[in-house]
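Note sheet for the following structure.
Bear in mind these aren't lab numbers, they're just calculated from the coordinates by the rules spelled out. Remember, it's a predicted structure, so these values are computed and weren't measured experimentally. Positions of Cβ are backbone-derived with ideal geometry, glycine not excepted, and every protein chain shown enters the neighbour counts.
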Amino acid sequence: MLNNFAVCDPLGIDYPIVQGGMAWLGTAELVSAVSEAGGLGTIGSGDAPPDWLRQQIRQTRERTNRPFAVNIMMMSPFLADNLKIVVEEEVKIVAFGGGNPGVYLAGLKEAGIKVMPVVSSVALARRLERLGADVVIAEGMESGGHVGETTTMALVPQVASSLKVPVIAAGGIADGRGLAAALALGAQGIQMGTRFICSEECIAHPRFKEQILQAHDRATVVTGESTGHPVRCLQNKLTYKFTELEKRGAPTSELEELGRGKLSLGVMQGNIEEGSLMAGQIAGLIKEIKPVKTIIDDIMAEAEQIIDALNVYKSKG
Ligand code: TUI
């Protein structure tokens with residue numbers, strides 16, 4: 001049985017597996033299932049309003065007594081209000097994505113909240129550690145959704161070598177091989193999004209889950225580079241249209257208009273051609289919808305087996 005992960009004690013979890021705080025999909029159903037299974041579930045507040053967030057926090061607590069996190073999206077129009085909600089509701093762990101949360105760290109620390117920012121560069125990781133981040137999630141460009149420019153393979157060891165706090169690897173991870181690899185790179189755990197979308201508990205539309213199961217290794221594309229907010233999604237009619245507009249040099253306002261409301265259209269309403277299907281490059285590895293507990297147990301067992309098996313490379317004597 002693998003143990004001694006430096007992220008488990010501070011976060012109060014059994015296994016070093018975090019569920020990424022996905023907008024629309026990181027709801028009480030998925031979050032409580034991940035936390036009940038011994039990982040860390042994360043409510044994805046995305047650009048949802050404060051009432052929704054409060055309700056999800058309360059619903060999660062009705063379903064589990066285990067720790068969970070709330071992800072605050074830095075581009076949210078409700079950023080300030082949602083931060084108030086996490087303090088009021090006494091959430092113990094806050095994750096951040098999509099921007100630099102530096103100015104909010106001191107206030108959250110004062111409220112006794114553990115802070116876990118997601119970063120895509122060493123510079124920001126260092127800055128946030130200095131400001132009090134408890135754990136840093138280093139996310140490679142293999143991830144779904146808003147992405148940086150560096151791969152997990154290159155980013156994780158560089159961040160791990162630069163920080164004292166534990167690092168969690170994200171981007172391109174969906175099985176025990178990914179966990180073992182992340183540990184080899186100097187991380188203390190993993191965060192996964194796409195793998196958890198294809199769980200029984202995730203409320204994503206079945207057609208979106210099916211698109212992930214059908215995906216191959218090159219099924220995702222990054223659009224929006226011209227807007228400064230590159231996003232990785234499964235390729236479909238929407239991404240073709242977006243790419244065409246970008247090639248023609250369309251203004252950011254037109255691109256933003258095209259993107260508006262498209263995430264819920266894709267992931268909740270199941271419009272797989274016109275909607276935005278945010279998913280990571282590892283989608284091609286995911287072949288089955290499983291219960292969350294099975295996903296987590298399988299990953300822990302597989303990682304342990306791999307770590308044992310790696311001993312074949314040691315010479316005897
Ligand atoms: O945040 C994510 N992934 C996301 S957020 C999101 S919501 C969205 N919807 C529509 C368009 C765009 C976004 C969907 N997926 N991952 C965490 C993450 N954060 N990855 C990279 C970063 C990041 C990027 C820049 C963190 C900080 C940052 O700071 C820039 C700076 O100011 O230094």
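Label reach from Val103 (point 7 Å along Cα→C-beta): in the stretch 128-142, amide nitrogens under 20 Å belong to 128-133. With R₀ set to 25 Å, the beta-carbon distance separating Ala80 from Glu254 gives a calculated FRET efficiency near 0.30.
Here the translational diffusion coefficient of the chain follows from Stokes-Einstein with Rh set to the Kirkwood radius across Cα pairs; for 25 °C and 0.890 mPa s it amounts to 126 µm²/s. Figure legend: label point modelled 7 angstrom from the Cα of Leu2 along Cα→Cβ; residues of the stretch 176-203 with amide N under 12 Å from it are 176-191.
When the convex hull of its Cα atoms is viewed from all sides, the stretch 47-174 shows a mean projected area of 7.9 nm².
Using a cut-off of 19 Å between Cα atoms, the listed pairs Lys209/Lys290; Lys209/Lys287; Lys164/Lys293; Lys237/Lys287; Lys237/Lys262 include Lys164/Lys293; Lys237/Lys287 as exceeding that distance.
Partner aspartates and glutamates whose Cα lies under 12 Å from the Cα of Lys241, excluding those fewer than 8 positions away in the same chain, are identified as Glu254, Glu273, Glu274. Annotation: aspartates and glutamates with alpha-carbon distance below 17 angstrom to Lys316 (same-chain offsets under eight excluded): Asp308. For the stretch 135-188, what class follows from the C-alpha gyration tensor (a ≥ b ≥ c being the square roots of its eigenvalues): rounded when a/c is under 1.5, otherwise prolate if a/b is larger than b/c, else oblate? Oblate, since a/c reaches 1.5 and b/c is not below a/b. Where the centre of each part is set by its Cα atoms, how far does the stretch 15-45 sit from the stretch 220-268, in angstrom? Measuring centre to centre over Cα atoms gives 26 Å. In the chain, the DSSP-assigned H stretches of four residues or longer account for a calculated mean residue ellipticity at 222 nm of -12000 deg cm²/dmol, using -39500 (n - 2.57) per stretch and the full residue count as denominator. Gaussian network model of the chain, Cα springs within a sub-10 Å range: biggest mean-square fluctuation belongs to which of Ala95, Ala69, Ala80? Residue with maximal mean-square fluctuation among Ala95, Ala69, Ala80: Ala80. In the stretch 252-317, inverting the average of 1/r over every pair of distinct C-alpha atoms gives 15.9 Å as the Kirkwood radius.
Only lysines eight or more places from Lys84 in sequence, or on another chain, were considered; those with a Cα closer than 19 Å are Lys92, Lys109, Lys114. At an R0 of 25 angstrom, the distance between the Cβ atoms of Ala184 and Asp297 translates into a FRET efficiency of 0.70. Judged by the gyration tensor of its Cα atoms, with axes a ≥ b ≥ c, the stretch 148-259 is oblate; a/c meets the 1.5 cut and b/c is at least as large as a/b.
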